[in-house]
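Each reported figure results from applying straightforward, stated rules to the coordinates on display, with no laboratory input. Computed from a predicted model, the values in this text were never measured in an experiment. Here the Cβ positions follow ideal geometry from the backbone for every residue, glycine too, while neighbour counts run over all protein chains shown.
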Amino acid sequence: MSKRIFQHPLESQTGKRYWRSLGQLKDTPEFRGWLQREFPQGASELDGGEVTRRNFLQLMGASVALAGLSLSACRRPLKSLVPFTKGVEWSVPGKALFFSSAMPSRGGALPLVVTTFDGRPTKIEGNPLHPVSKGATNVWAQSSVLDLYDPQRSQNYLFRGEKSNSAAFYQALEALVSGSKEGSSLAFLSDGVPSPTRERLRKDLLLKFPQAKWAVYDPNGSVSEVEAVSIAFGSGYRVVPRLDLADVVLTVDRDFLGVEGDLSAVRDFASRRTVEKSGDAKARMNRLYVVENRYTLTGGMSDHRLRLAAAKAAAFLKMLALEVSSLTGDASLGKMAAELKAPEAKIAPAWAKECAVDLFSRKGKSLVLVGQRQPVAVQVLGFAINAALGSVGKTLEVHKSESKASLGIMALAEHLRKGKTETLIILGGNPVFDAPGDARWLEAQASVQTVIHLSAEVNETSSKATWHVPAAHYLEQWGDSRAADGSYLVVQPMILPLYGGLSEIELLAKVLGTPGEALALVQKTFLEVSNLTGDATAAWATTLRNGFLENSASRQISVNFRSEESQNAVSSAPAILFSENQFELVFVADSKVDDGRFANNGWLQELPDPVTKLTWGNAALISPSTAQRQGVVTGDVLKLTLGGKSVEIPALELPGHADDSISVSVGYGRAEVGSVGQGVGIDVYPLIGTEGLRFSVGVTLAKTGKSIALAITQEHGALEGRGIDLTRQATAQEWAENSEENNPGYFKKMGIDAHAPTNFSLYSHPPLDDVHAWGMAVDLNTCIGCSACMVACQAENNIPIVGKEQVINGREMHWMRMDRYFASEGGDANEPEMVSQPMMCQQCENAPCETVCPVNATVHSEDGINVMAYNRCIGTRYCANNCPFKVRRFNFFDYNQRSITSLYRWNLISPKGMPESLQMQKNPNVTVRMRGVMEKCTFCVQRVQEAKIAAKVSARDKASESPPQVPADAFTSACAQVCPTGAITFGDLRNSKSKIAKLKESQRGYRLLEYLNTENRVWYLARIRNPNPKMPDASRAGSASRAHASAGKHNGGH
Amino acid sequence: MEKSALTAENSAELKRQPLVAHGRSISWITQNVSQIVESPTPKWWWIAMLFTAPLALVGLICIVYQISNGVGVWGENHPNGWAWDITNFVFWIGIGHAGTLISAVLFLTRQKWRTSINRAAEAMTLFAVVCAGIFPAIHIGRFWNAYFLAPVPNANGIWPNFRSPLLWDVFAVSTYFTVSVLFWYVGLIPDLATLRDRAKSKIGQLVYGFFALGWRGANRHWRHYEMAYLLLAGLSTPLVLSVHSIVSFDFATSILPGWHTTIFPPYFVAGAIFGGFAMVLTIMLPASLIFPQISDLITRQHVDKMAKIILLTGSIVGYAYLMELFVAWYGANKFESFTFFRARAAFDGQGWYQWSYWIMMFCNVVSPQVFWFKKMRSNYVVVFIVSQFVNVGMWFERFTIIVTSLAQDFLPSSWGHYSPSLTEKLTFAGTFGIFLSLFLLFMRFLPMIAISEVKLVTPEADPHGALNKNH
């Protein structure tokens, strides 16, 4: 890192206006409100009225942003952030600062607030002001901070694999560009992440080099959806489902709560699952029908689920369309459906019929979603059904799309192979690894003389490129993007590029030959986008502070469904063939490594897949009955052959999977990747034929006779008849019959708690007499199991990764886990219900772990937290043994000091230590634990303490009442903060104004294993299912909790 | 003794079997026992040591490796926080029980047959407790901080947690070891003096002399000696019951299904005596083969009595096993009945560790039943084989209790299999090396039979007493 010099903006240059605008800012109620929510500890100080260091917020990005806002565009922007040898008034060592930014990602960037300590970003939170985030994020945002500090990130310019430097690169680039003959020798390949500045530069580029080619490729992108939308509604549009308005939702092969959705879809869906009273269930709760080939998070939330091969989804949709058309009398829909050439499928007619009736009964308030992997004609038919049901414009909005038409990778490859392109600039991405097989990308790339690859890691494409340019992480660069709702977001750097990386827009500017720092480029776009009339400095400051431009979200426009075009598209579409005894292979975007880009992120690799609980690799998911038929068990290596190409991949039995279908997730098996991703999983890209095609019929599977151990974190997935004790649920009907008035203890007296006698403790306990009593509630009705909480916890609490081998040994360290059960009445492994249950320390008031610790290393605090004194712990593991929830985690090795590949090497003669960059990620408020000590969820005790200290300071300043109390819901734990559905609530039980105080009184609230008398501080709110009583499978709803001593075999694999 | 029982009514005066066969004289006893120590080291001893000492060394290397790298080199995981370590601990501590029982309880109850086996049994106890003590010490994550367990008020005023059964263990085991060492040593003093007097080498005279503490066999010495011995026996007796009761509290006071049972203390004590006697037999039978001269001291009668104790305690243990099953059924707690009927005593092949349960059942309950027959009790081969079954069975008992309860407890999501690592296996094997090496050293340098005590049960020692009348 170069020496950083803090150059405070000079008075004469930026001075008065800047301060004045901040002064205005300071007193806006909105600003206060925002502060109250986001920086609660500080809120009370702010009440004191005096300007304190916390007012740094006003200075957010001050040294960089405001000073550099070059309205006259002549001032060199400051590149130096704050050095800590010359601290400024608002920077207090050890105190976190928070800055807004955004994480560019597919389908829309995530608005963020980044926690930084002494200039190091350590933790990502969602931007509470932005409607897409509302403070929540997802696993990728949470883990992105680890990518920033990845010691194996690309650090050098490489010329043909040899170390080079930026000067040489710029020289070469200039020569290439100047000789590009109007750009006819130039081609660009970028990913699909929206970026207005990049789009602006692209426009400029194409003006300057009209002959240049610009292609966009995202292996998990939605090209067929774009096409389907352009057929159904016209080009230049995108559809936005409004799940908050839909009473009845049918999703066909679309995991909108998982890998095919975004935060707003998740939140909107959950908003219709949030119930307070028994009356709400019928009044508010939506009903979800899911048709899918494998269990997904969406399927897990379903009220009715039909497992069906992806290729047969067309058959189902056809049946449904016919039913809908007969209900609505819409002949054109019937005609369209009749013309769809769908394969044969055995589907209970009643299922489609009753589903159609239910959708029709809520006309205008129902929604049908079709998977992005489905053929265009099927998606078009989906839009037609929506149109017939009156959903278009209501539950299915049509917005203008920002993305411009570009070449696809197939066309680009075709073009490159013609040999006219001399220079190919690849902005991010890894086409050598992830381009579809038919593109013959390697050949295409080889026919270009100079390939320039901008990438944050040296990957497969980099090593085949002429120039590799290290890319800056989004936390290191200026940039902009658009959120899922279309609003304009600014990406703000938190730290100077650690390894001198270049951002996408900086590289494009270099190609253009226009001078300009990234900041100036972004500000120019900002001025264009915002159509400013007034004070640009203030507007920019507001945007930076908020993280987004107000009122920039896209709005729905009135567009009619184009019946005729759709009809043509459907009737001219090729038939989907799927005969008996065939298997289809479905390619799934991975829930962790996505398309492979996060392969070197240990947090993501070790995060269990929300459904399969598989870590460190991928597997071929098959149904238990298929496995039985083929004589395969989990871990057996299968050879999948498709179109002459084959891969060998271990099988994983997944209950509820369609029988004639195999699912594999892409993105694994990276060949050139850092040490974390090395040798993890199997690359299935070679089996993918062409872009957008994500399932193929006719795959053959053969046993290889080999078997490998899969790193599955949950060995046993069956509930063993304990659903009624652990994961309580009821149908909306059952709840109505046992409402608060009729049966207040309905959920509390289930299972073993129904007849357990009152208990008492033999021990006396110190009084829990603090003014606070921390507690948590987890709403199983809104928890979708996405596991963002697990990564948030990992980032917040410095939880190490342990590696594949140790996961197989059962030693993963996650303080919080997402239990996933498959259960059904009668124990049918093929048609189970899926239940997710977040499990963390229950902070028992009468904690079994505390009495057994011989050295008093785990004790209770007055405010009710079961605390760990790491220094005192000698590691007997007795506490973990005596924990009924098995939430305690033991450091079997020195995970923080040893690499995960050398844990067994003799310590005394092997290297020790953590890479310096990774040290920078650690939360300074949380101890990094050594080997031999026990650890566990502490309810984020560091946040608790910070809040308490703030409350005490405020009480002292005001000389107010004692003892000082933290205001209700002033802060929350990391898991609760990240949760996009608000399923986790943390707070003060003793504060009657807090959310938790109300939730714990909920009728649905129950505590786990109450009969043990552990007096847990975590309440679970029972799950409510909302089945349609007319459906053939209605009786299955809630069966996971009724099932008694089911057959033990159905689980995620032994 | 069933023969005596049958004839008890018609025979007013039963003939006791002499405790020393062939009417060996006092000097014969001294000569023959001391000779074992005094004769040149036999070849077999070196050969045996060649096996046991390297085995002990391997164990020590494993321990060093484990302490320096972390507990992870073992097979333990979440949820199986304990497995072989505590299994081995309880196994060894159980073996240690026979020694104290023989030396203290049988002493107080005037069971004179104990005299020829008590020295070796006590030595075995000590060595077993040494092996046992290794495991709780090294199983902790931070060995170097083990002193936190000591009730020493430190600068922070933190005491150990007196509610923790693990702390009780520390006190119980260390007390037991201390008292056992004292008891053994006090009993050794007259014999050390004998060896001192007989020693021909200077070193022998010095070393035995030093440890004999100036014993001259004076009347006063004997009086103090016997009083001390009686007091120590009195002190040890409650320990026989307390140590294993407290070890069982580690499990009984927890809340895990399969651990949380009130039957554990008596069940563990019976099991410990059961396993301890099996180990005494395991060692004494080969010893009496190697030293034919001592077969007049350790007679068939001794073996017969020990076999009967094994039968009795084995049946108590069997009763406890069945009672656990009954209570699990009667209690109607789904978690408990799962542990007992699905995880342990499962017949369906679905129980993860049911094999271990059935090994335990067969070895501990079924195999000792052969001891109902005198013919079997007097057949050294059968006795030896059954002893081995019991040794194995008692190890599996602890394994079953610890691992089945941990591997599958309340939340099925956290269930997990356990399998031991090589380091773990070698550590356990190493403790056998340590145990056997120590025992070999003991046989080589100390009288393995309590000379002075055996002499006391010969007719010569009591010319006018009951013994002489009987014989």
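Under 15 Å from the Cα of A:K213, which aspartates and glutamates turn up, not counting those fewer than eight places away in the same chain?
A:K213 reaches A:E182, A:D191, A:E199, A:D204, A:E414, A:E422.
For the pair B:S39 and B:V381, how long in nm is the line joining their label points, each one 7 Å along Cα→Cβ?
2.6 nm
Based solely on its DSSP helices, what 222 nm [θ] is calculated for chain B when runs of n ≥ 4 H residues each add -39,500 (n - 2.57) and the sum is averaged over all residues, nearest 500 deg cm²/dmol?
That comes out to -21000 deg cm²/dmol.
Name the aspartates and glutamates eligible as straight-distance cross-link partners of A:K418: C-alpha to C-alpha under 17 Å, and not fewer than 8 places from it in the same chain.
A:D438, A:E443
Lysine pairs in region A:852-984 8 or more apart or on different chains: how many have alpha carbons under 21 angstrom apart? Please report the intermediate quantities before stating the final value.
Values: A:K886/A:K936; A:K912/A:K922; A:K922/A:K936; A:K948/A:K958.
Number of lysine pairs found: 4.
Would chain A count as rounded, prolate or oblate if I go by the C-alpha gyration tensor, calling it rounded below 1.5 in a/c and otherwise prolate when a/b exceeds b/c, oblate otherwise?
rounded
Mean residue ellipticity at 222 nm from the helices of chain A, using -39,500 (n - 2.57) per DSSP H segment of n ≥ 4 over the full residue count, to the nearest 500 deg cm²/dmol?
About -8000 deg cm²/dmol.
Report, by chain and number, residues whose modeled amide H sits under 5 Å from the one on A:A620, excluding near sequence neighbours (fewer than 5 apart, same chain).
Close amide H contacts, sequence-distant or interchain: A:A651, A:L652.
Ignore the peptide's own chain and count Cβ atoms of other chains within 10 Å of each Cβ in B:78-88; give me the average, rounded.
Mean shielding count: 5.
For chain A, return all DSSP H helices satisfying: extent of Cα atoms along own axis at least 24 Å; mean Kyte-Doolittle hydropathy at least -1.0.
On the way: long enough: A:941-958 (25 Å, -0.62).
Result, helices passing both filters: A:941-958.
Bins of 5 Å, beginning at zero and ending with the bin holding the largest distance: percent of Cα pairs per bin for region A:282-333, please.
Per 5 Å bin, starting at zero, the Cα-Cα P(r) for region A:282-333 comes out as 5, 19, 18, 19, 18, 15, 6, 0 percent.
I'd like the FRET efficiency for A:K282 and A:S235, computed as 1/(1 + (r/R0)^6) with the beta carbon distance as r and R0 of 60 Å, rounded to 0.05. All intermediate terms of the calculation are to be shown ahead of the outcome.
Working: r = 42 Å, r/R0 = 0.70.
That pair, A:K282 with A:S235, gives E of 0.90.
Can you give the relative contact order of chain A as a percent, counting alpha carbon pairs under 8 Å and 6+ residues apart? Mind showing how you got there, number by number?
Numbers: 2391 pairs, mean separation 159.6, N = 1054.
Worked out over chain A, it gives 15 percent.
Lysine pairs in chain B with alpha-carbon atoms under 12 Å apart, 8 or more places apart or on different chains: how many are there?
7
Give me, ordered by chain and number, the residues 5 or more places off A:S391 or on other chains with an amide H under 5 Å from its own placed amide H.
Amide H to amide H, under 5 Å and 5 or more residues apart or across chains, A:S391 pairs with A:G364.
What full-extension length gain, to one decimal in nm, is calculated for B:H464 and B:I203 as 0.36 nm per residue of separation minus the Cα-Cα distance? Intermediate results must be reported in sequence, preceding the final value.
On the way: separation 261, 0.36 × 261 = 93.96 nm, distance 4.05 nm.
That works out to 89.9 nm of additional length.
Cβ neighbours within 10 Å, averaged per peptide: list B:259-272, A:759-772, B:172-185, A:545-558 in order, most packed at the top.
B:259-272, B:172-185, A:545-558, A:759-772
Mind checking which aspartates and glutamates have their Cα closer than 13 Å to the Cα of A:K748? Skip sequence neighbours fewer than 8 apart in that chain.
Of all the aspartates and glutamates, those that pass the test against A:K748 - Cα under 13 Å, at least 8 places apart if same chain - are A:D725, A:E740, A:E1001, A:E1010.
Averaged over peptide B:166-175, how many Cβ atoms belonging to another chain are found within 10 Å of each residue's Cβ?
Counting Cβ atoms of other protein chains within 10 Å of each residue's Cβ and averaging gives 2.
Using packing as a proxy for protection, rank A:122-135, A:968-981, A:988-1001, A:152-165 so that the peptide with the highest average count of other Cβ atoms within 10 Å comes first.
A:968-981, A:122-135, A:988-1001, A:152-165
Other chains' Cβ within 10 Å of A:859-872 residues: what's the mean?
1
Could you give the nm distance between label points at A:E550 and B:S174, where each point is 7 Å from its Cα heading toward the beta carbon?
7.0 nm
Check each of the trypsin sites (Lys or Arg not before Pro) in region A:863-965 and keep only those in coil by DSSP with at most 15 other C-beta atoms within 10 angstrom; list them in order.
When the trypsin sites (Lys or Arg not before Pro) of region A:863-965 are filtered for loop state and at most 15 Cβ neighbours within 10 Å, A:R905, A:K912 remain.
Among the helices of chain B (complete DSSP H runs), which have Cα atoms covering no less than 24 Å along the helix axis and a Kyte-Doolittle mean of at least 0.5?
B:43-69, B:84-100, B:115-139, B:165-198, B:264-290, B:300-331, B:380-399, B:422-445
Show the residues, 5+ positions off or on another chain, whose built amide H is closer than 5 Å to the amide H of A:I712.
Close amide H contacts, sequence-distant or interchain: A:T615.
So if R0 is 41 Å, what FRET efficiency would A:L918 and A:S403 give, r being the distance between their Cβ atoms, rounded to the nearest 0.05?
Numbers: r = 36 Å, r/R0 = 0.87.
About 0.70, to the nearest 0.05.
So how much slack lies between A:E162 and A:E737, counting 0.36 nm per residue of separation and subtracting their Cα-Cα distance, in nm?
Numbers: separation 575, 0.36 × 575 = 207.00 nm, distance 7.31 nm.
Length gained, A:E162 through A:E737: 199.7 nm.
Within region A:606-637, list the residues whose amide N lies under 13 Å from a label point set 7 Å along Cα→Cβ of A:K706.
Answer for this model: A:636-637.
What FRET efficiency, computed as 1/(1 + (r/R0)^6) with R0 = 60 Å and r the Cβ-Cβ distance, is obtained for B:W222 and B:W144, rounded to the nearest 0.05?
0.80
Taking 8 Å as the Cα distance limit and 6 or more residues as the minimum spacing, I'd like the relative contact order of region A:723-1042 as a percentage. Before the final figure, lay out each step's value.
Details: 572 pairs, mean separation 104.9, N = 320.
Here the relative contact order equals 33 percent.
Take each of the peptides B:391-401, B:438-448, average the number of other beta-carbon atoms within 10 Å over its residues, and list them starting from the highest.
Highest-to-lowest ranking by the protection proxy: B:391-401, B:438-448.
Among A:K203/A:K510; A:K123/A:K998; A:K645/A:K706, which pairs are too far apart, with a Cα-Cα distance over 21 Å?
Where the Cα-Cα span goes over 21 Å, the pairs concerned are A:K123/A:K998.
Summing Lys, Arg as +1 and Asp, Glu as -1, what charge do residues with Cβ under 12 Å from the Cβ of A:R555 carry, A:R555 excluded?
Net of charged neighbours comes to -1.
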